[in-house]
Amino acid sequence: MFIVTGGPGTGKTCLIEKLAQRGFLSMPEAGRAIIQDQVRIGGVALPWSDRAAFADLMLGWELRSWHEASAITGTVVMDRGIPDVMGYLDLCGLPVPSHVEAAAKLYRYNRRVFLAPFWNAIFTEDAERKQNLEEAEATGRVMVETYTRLGYEIVELPFVGVEERADYVMERLRTG
């Protein structure tokens, strides 16, 4: 299981979709789906309403994704992972509950984590992605700090088109 992380609007999902077209299995991002569901049902576990509740739902989603991916033979590319929940809480200035940290330490991914760095040229906001440029940049920094603190190796993706990014990731997947 390989993680692709970074701030919002940095091309993570497009890259993972391209890798899926090339035959890799993937797990989707928790945040966007949770936001869509919460809006649809009138829930409050939203980043602009109750960030702690939103983080709890993300943790549940990421745990389920980890278990699903661990049962698959072959390489699975994850759109974020359990450590992203820790990073999100840090970014929001919220305490990281011990069970969240325990989950991040217990449920591990490949040591190599791909970071999509902030890229102003492709950053956009939408109905679910309401972070501004500063928050998007800060999210990337927090994810680097979080994954590094947990012992992962950060591999920063280059500022190139999605085809070239997919080639870059595939080469690194082959080497380790």
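The values are calculated or read from the model by the stated rules, or taken from the named source; none is laboratory data. Everything numeric here is computed off the predicted structure, so don't read it as measured data. Note that we place each Cβ from the backbone using ideal geometry, even for glycine, and neighbour counts take in every protein chain shown.
What is the residue count in the stretch 135-176 for residues that are closer than 24 Å to Ala102 by Cβ, in a loop (DSSP other than H, G, I, E, B) and not aliphatic (A, V, I, L, M)?
Going through the stretch 135-176 one residue at a time, the tally reaches 2.
Suppose we keep only residues that are of a type in the set (S, T, N, Q) and surrounded by 12 or more Cβ atoms within 10 Å (Cβ to Cβ) within the stretch 34-63. Which one would you say is farthest from Gly23 (Cα to Cα)? Working first, answer last.
First, the residues of the stretch 34-63 that are of a type in the set (S, T, N, Q): 36, 38, 49.
Now restrict to residues that are surrounded by 12 or more Cβ atoms within 10 Å (Cβ to Cβ): 36, 38.
Details: Gln36: 27, Gln38: 31 Å.
Top of the filtered list is Gln38.
Failed condition for Glu134, given (1) acidic (Asp, Glu); (2) within 25 Å of Gln36 (Cβ to Cβ); (3) at pLDDT 95 or above, with all others met?
Only one criterion in (1) acidic (Asp, Glu); (2) within 25 Å of Gln36 (Cβ to Cβ); (3) at pLDDT 95 or above is unmet by Glu134, namely (3).
Hey, any hits in the stretch 20-28 for a residue that's modelled with pLDDT under 95 and within 19 Å of Ala104 (Cβ to Cβ)?
There is at least one residue in the stretch 20-28 that is modelled with pLDDT under 95 and within 19 Å of Ala104 (Cβ to Cβ).
Report the residue count in the stretch 32-48 for those that are out of contact with any Pro (no Cβ under 8 Å at 6 or more places or on another chain) and in a helix (DSSP H, G or I).
Taking the stretch 32-48 first, the residues out of contact with any Pro (no Cβ under 8 Å at 6 or more places or on another chain) are 32-34, 36-48.
Within this subset, residues satisfying the condition of being in a helix (DSSP H, G or I) are 32-34, 36-41.
Residues meeting the conditions: 9.
Taking the condition of being surrounded by 20 or more Cβ atoms within 10 Å (Cβ to Cβ), part of a loop (DSSP other than H, G, I, E, B) and either at positive phi or among the polar types (S, T, N, Q) (or both), how many residues in the stretch 64-104 meet it?
Result for the stretch 64-104: 1.
With the requirement that a residue be touching a residue at least 12 places away in the same chain (Cβ under 8 Å) and either touching a helix residue (DSSP H, G or I) at 6+ places or on another chain (Cβ under 7 Å) or exposed (fewer than 13 other Cβ atoms within 10 Å of the Cβ) (or both), what does the stretch 21-32 give you? Before the answer, list the steps.
Step one: list which residues in the stretch 21-32 are touching a residue at least 12 places away in the same chain (Cβ under 8 Å), which gives 22, 24-32.
Scanning the stretch 21-32 gives Arg22, Ser26, Met27, Glu29, Ala30, Gly31.
Based on this model, can you work out whether Lys18 counts as of a type outside the set (Val, Ile, Thr), in a helix (DSSP H, G or I) and surrounded by fewer than 16 Cβ atoms within 10 Å (Cβ to Cβ)?
Details: of a type outside the set (Val, Ile, Thr): yes; in a helix (DSSP H, G or I): yes; surrounded by fewer than 16 Cβ atoms within 10 Å (Cβ to Cβ): no.
Against the criterion (of a type outside the set (Val, Ile, Thr), in a helix (DSSP H, G or I) and surrounded by fewer than 16 Cβ atoms within 10 Å (Cβ to Cβ)), Lys18 does not qualify.
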